[in-house]
Amino acid sequence: MTMTTDDMASFCKRKGFVYQNSEIYGGMSGFFDYGPLGAEVKNSIKQSWWRFFIHQREDCIGIDGSIISHPTVWKASGHVDCFEDIMLVCSKCKEKIRGDTHIEDELKIAADGMKVAEINQLVREHNLKCPKCKGDFEEANDFNLMFKTQVGPSQDSKATAYLRPETAQLIFTNFRLATDNMRMKLPFGIAQVGKAFRNEISPRNFLFRCREFEQMEIEYFIHPKGLNDCPFFEEVKDHEIVYYSAKMQDEKREMEKATVGKLVTDGVIKTTWHGYWLAMAHKWYVSLGAKSENFRIRQHLDTEKSHYALDTWDLEYNFPFGWKELIGMANRTDFDLSQHIKFSKKDLSLFDEETKEKIVPHVVAEPSFGVDRSFLIFMFDAYVDDKERGNIVLKLHPKLAPIKASVFPLVNKEGLPELAKKIYKELRMDFNVTYDQSGSIGRRYARSDEIGTPLCITVDFDSKEDGTVTVRDRDTTIQERVKIDDLKNIIDAKLRT
Ligand code: ATP
């Protein structure tokens, strides 16, 4: 039996990974809090991402922008006018649900991007009813997803501002400053990790759709004359990926597997840049233990593309509730920079030394990752109900495991707890490790397996004599006798796998 999202939510709560926000007051739909172990995993995801996409590259820099910006930012970006979902309201029980996802669930057709009239027509044609009380729907309406707030002591409309619905715009508004400070030369990327807020009509599927979430985004800027000249494409051209183009979806064909090189040569993916970033995103997930076969790339149909996008591919994951977006990757062209140039009347262009012209760079691929959805998929792919061991083993990559090692005294006497604590305190200076002396060793192994601790270190009577301990590996359960002095190197090596 496969695990459901509800099973994962209760596992996460039971073990201290994720809690419903303000649960003691009945909870708040679409808001979650990360518990002690979840906060560790989430931080590790963000740190690994930052290392992989910024520190390990010469061409990317990162910023950390604020959540509230001048409201014109969101006017220029199009969010004030266009960032809407269609809402269906039940005439009987007043339940509010998102129109396109309801149509997708009920009729099994792609409905993202459908207009109000189309949704109303499908609701009527198929006699769709409220999932809660089977009542009829009222006429559908557009609903803007931006959270509003007031800045300063005034309540008038001039003080209205928005909580950012994406991190991307801060990259565009800081584009010239960051670029000049760091002397960036095209092509280059500016990245950001941080909170985003969307007043989702029907948050659901645990962390998949929340009203407050985090994003990890890169805006990758390219010379308008080099839209297909990705110098790194060689690195990924043989990378295999399952793909589902708009054409295949229109023709109701099955998805297929191909190399990114072939997809670009055949014109399925239009630019080498888009192919490169899709492959890099897939590689990053797999490098951190996600299962390659649970991913595919899917091209947006013309009807579902955002207001700014020329072409969009999503990296999707096979969730228990179907293939869904894990990251979105739109070709935003020069839309955003041009809009901010227009609205701010500031020069955000770059000077091309060769042609002596001013140019507005394009964003051909904007990898936009969700932290919470990433957390969820790493958890799904790590979770193993090991019948032989009789317990759950959370096979998180050591880099993501909340606790890297746990130190146990074999028995609670004859100086073993003292020695174990000494080792624990020493290791704690470099790694997040724990000390556990309660219950049998088997019980302690099981407890560590369930929260994904890669290594268990047991101090026994020989340890006092010869300065060695046993190290047990979470995945193989193999135990090895090693020197106490080597423990730091062993944990370090594990984190580098
Ligand atoms: P969806 O179609 O699922 O509403 P989207 O296309 O609006 O998503 P993007 O605007 O492309 O999402 O946002 C980029 C990424 O941010 C998504 O791929 C996802 O990982 C994350 N994200 C977006 N909305 C939410 C949300 N409500 N809860 C959690 N993560 C989200």
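The values are calculated or read from the model by the stated rules, or taken from the named source; none is laboratory data. Everything quoted here is computed from the prediction, not taken from an experiment. Virtual Cβ from ideal backbone geometry, glycine too; neighbours counted across all protein chains shown.
I need the strands (runs of 3 or more DSSP E) fully contained in region 353-429, keeping only those with at least 1 residues that are outside the structural domain of G38 (by TED's automatic domain parsing).
Numbers: elements: 357-359, 366-370, 383-386, 391-394, 405-409.
Output list reads 383-386, 391-394, 405-409.
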### Query
Which of (1) surrounded by fewer than 17 Cβ atoms within 10 Å (Cβ to Cβ); (2) modelled with pLDDT under 95; (3) more than 16 Å from the ligand (Cβ to nearest atom) is the odd one out, the single condition N181 does not satisfy?
(2)
### Task
List every residue pair whose Cβ atoms sit under 7 Å apart, with the two residues 6 or more apart in sequence or on different chains, where the first one lies in region 189-207 and is in contact (Cβ under 8 Å) with a residue 60 or more places away in the chain and more than 20 Å from T149 (Cα to Cα) and the second, anywhere, is of a type in the set (F, W, Y) and within 11 Å of the ligand (Cβ to nearest atom).
L207/F32; L207/F375
### Task
Report the residue count in region 446-461 for those that are closer than 20 Å to E418 by Cα and not hydrophobic (A, V, I, L, M, F, W, C).
2
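Given the options K324, K356, name the one that is more than 14 Å from the ligand (Cβ to nearest atom), surrounded by fewer than 20 Cβ atoms within 10 Å (Cβ to Cβ) and not acidic (D, E).
Values: K324 fails: more than 14 Å from the ligand (Cβ to nearest atom).
The unique qualifying residue is K356.
How many residues does region 444-475 contain that are in a loop (DSSP other than H, G, I, E, B) and within 22 Å of V41 (Cβ to Cβ)? Write out each step before concluding.
Step one: of region 444-475, the residues in a loop (DSSP other than H, G, I, E, B) are 451-454, 460, 467, 474-475.
Those still in the list that are within 22 Å of V41 (Cβ to Cβ) too: 451-454, 474-475.
Residues in region 444-475 being in a loop (DSSP other than H, G, I, E, B) and within 22 Å of V41 (Cβ to Cβ): 6 in total.
What strands (runs of 3 or more DSSP E) lie completely within region 56-164 and have 3 or more residues being within 15 Å of the ligand (Cβ to nearest atom) and surrounded by 17 or more Cβ atoms within 10 Å (Cβ to Cβ)?
Values: elements: 60-63, 84-89, 96-98, 141-144, 148-150, 160-162.
Fully inside region 56-164 and qualifying: 84-89.
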### Query
S344 versus (1) away from the ligand (no atom under 16 Å from the Cβ); (2) crowded, with 23+ Cβ neighbours inside 10 Å; (3) under 30 Å from H223 (Cβ atoms): which is the lone unmet condition?
(2)
### Message
What pairs come out if I take residues in region 161-176 that are closer than 16 Å to Q215 by Cα and in the same structural domain as S368 (by TED's automatic domain parsing) and pair them with residues that are among the β-branched types (V, I, T) and not in a helix (DSSP H, G or I) whose C-beta lies under 7 Å away, six or more apart or interchain?
### Response
L163/I67; L163/I68; L163/T149; R164/I67; L170/I63; I171/I63; I171/I190
